[in-house]
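> Let me begin by handing over the structure; questions about it come next.
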Amino acid sequence: MIELKEIHKRFNAGTVNEVYALRGVSLIIGEGQFVTVIGTNGSGKSTLLNMAAGTILPDTGTVSMAGEDVTRKKDYERARSMARVFQNPFMGTAPHMTIAENLLLACLRGERRYPRFGLNEKSLELFKERVRELEMQLEDRLDTLIGTLSGGQRQALSLLMAVIKEPKVLLLDEHTAALDPKSASQVIKLTKTFVERGKLTTLMVTHSMQQALELGDRTIMMHQGQIIDDIPKAEKERLTVDDLLDKFADLRKTEKLTDEIIEQLRREYV
């Protein structure tokens, strides 16, 4: 479903601020696969996700979706088959519009022509049923402005907006990083439900090693713009967070990864 082939990306090339973000990265995510991505700060994991989204275009290499070359297509050109949830829920919602109005916008995403579909009784009933799935007591508050809700409620709605049209590809950009533990747990529970129900091809960047192990079919580990490990589900099920940290510790021995980076991983991911 998603194939990135020999992707290279530099920012500020030829200047003192040059950053080599991706170094010949190749990755294939099969249809319906759920892949989680972890790595140190600056490892290239967010650039990888942005490359799949079309927010960033590669210097060299190709990006394909369902066999179609989309390398030069930008994010809005991929919107008909792809949805994304950001770390900041305000990036995926319109805070000055109601819950119902936001869900309506999500239903219209990627349409070249707007269908005759408004906030009628039928659509409101549908939205009510979908919002009830969030288990946040919002189904009777469809006329509430999203900007007045808590961060967890906004992010759960942002996730629902992303999947309501059953996209072929779902991109999750550290979508629980800004949430309190209880809200993060509920959003992860919903993520798993929506992905499994829709058999969505999913790429998820996370700052939680526990999430990386518990979710998905594979976990990709990145460092210095490269994929350094691709851990299948069978192996993930046997690993602990400490095992993942040990993998980074082994990397330290071979690539002189400093103790400070290992400590940073412990602070950020455990």
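> In what order do Thr93, Thr40 fall by count of nearby beta-carbon atoms within 10 Å, going from fewest to most? Kindly include the intermediate steps, with their values, before the conclusion.
Numbers: Thr93 23, Thr40 20.
Going from least to most buried by this count: Thr40, Thr93.
> Here's something else I'd like to know. For the charge dipole of the chain, defined by +1 on Lys and Arg C-beta atoms and -1 on Asp and Glu C-beta atoms about the Cα centroid, which residue among Gln226, Phe34, Leu126 has the Cα displaced farthest towards the positive pole?
Result: Leu126.
> With +1 on the Cβ of every Lys and Arg and -1 on the Cβ of every Asp and Glu, and nothing else charged, how large is the dipole of the chain about its Cα centre, in debye rounded to the nearest 20?
720
> Could you work out how far apart the two model spin labels at Ser123 and Arg23 are, taking each label as a point 7 Å from the Cα in the direction of the beta carbon, and quote it in nm?
5.0
> For the chain, compute the orientation-averaged projected area of the C-alpha convex hull (one quarter of its surface), in nm².
Computing the convex hull of the Cα atoms and averaging its projections yields 15.4 nm².
> Counting other beta carbons within 10 Å of each Cβ, put Ser81, Ser46 in order, fewest first.
Ser81, Ser46
> Output needed: percent of Cα pairs per 10 Å distance bin for region 1-153, bins running from 0 to the one holding the longest distance.
9, 30, 28, 23, 9, 1
> For region 13-68, what is the Kirkwood estimate of the hydrodynamic radius, computed as the reciprocal of the mean inverse distance between distinct Cα atoms, to one decimal in Å?
12.9
> Counting other Cβ atoms within 10 Å of each Cβ, which GluC sites (Glu not before Pro) in region 1-110 have at most 16 and sit in a DSSP loop?
Answer by residue number: Glu18, Glu31.
> As an exercise, take the mean of 1/r over every pair of distinct alpha carbons in region 70-213, invert it, and state the Kirkwood radius in angstroms.
This gives a value of 15.5 Å.
> Shifting gears a bit: Give the residue list of trypsin sites (Lys or Arg not before Pro) in region 122-215 that are DSSP loop and have at most 14 other beta-carbon atoms within 10 angstrom.
Listed in order of number, the matching sites are Lys199.
> Counting Lys and Arg as +1 and Asp and Glu as -1, what is the net charge of the other residues whose Cβ lies under 11 Å from the Cβ of Pro58?
+2
> Using only the alpha carbons of region 158-200, what is the convex hull's orientation-averaged projected area in square nanometres?
Result: a mean projected hull area of 2.8 nm².
> Over 24 Å between C-alpha atoms is what I'm after, so list which of Lys165/Lys192; Lys74/Lys236; Lys73/Lys122; Lys5/Lys74; Lys128/Lys189 land there. Let's see the in-between values first.
Details: Lys165/Lys192 17 Å; Lys74/Lys236 33 Å; Lys73/Lys122 35 Å; Lys5/Lys74 17 Å; Lys128/Lys189 19 Å.
Beyond 24 Å: Lys74/Lys236; Lys73/Lys122.
> If you line up the long axis of helix 121-132 against the longest principal axis of the chain, both from Cα atoms, how many degrees apart are they, to the nearest 10?
40
> Provide the net charge surrounding Gly67, with neighbours chosen by a C-beta distance below 12 Å and charges set as Lys +1, Arg +1, Asp -1, Glu -1.
-3
> Taking the Cα atoms only, what angle lies between the long axis of helix 99-108 and the longest principal axis of the chain, rounded to 10 degrees?
Tilt of helix 99-108: around 70 degrees.
> Given the chain, what percent of its DSSP beta bridges are antiparallel, to the nearest 5? Please report the intermediate quantities before stating the final value.
Working: 22 of 40 bridges.
Roughly 55 percent of the beta bridges in the chain run antiparallel, per DSSP.
Each reported figure results from applying straightforward, stated rules to the coordinates on display, with no laboratory input. In this text the structure is predicted, and so the values were computed from the model without any measurement. Cβ coordinates were reconstructed from backbone atoms using ideal geometry, including for glycine residues, and neighbour counts include every protein chain displayed.
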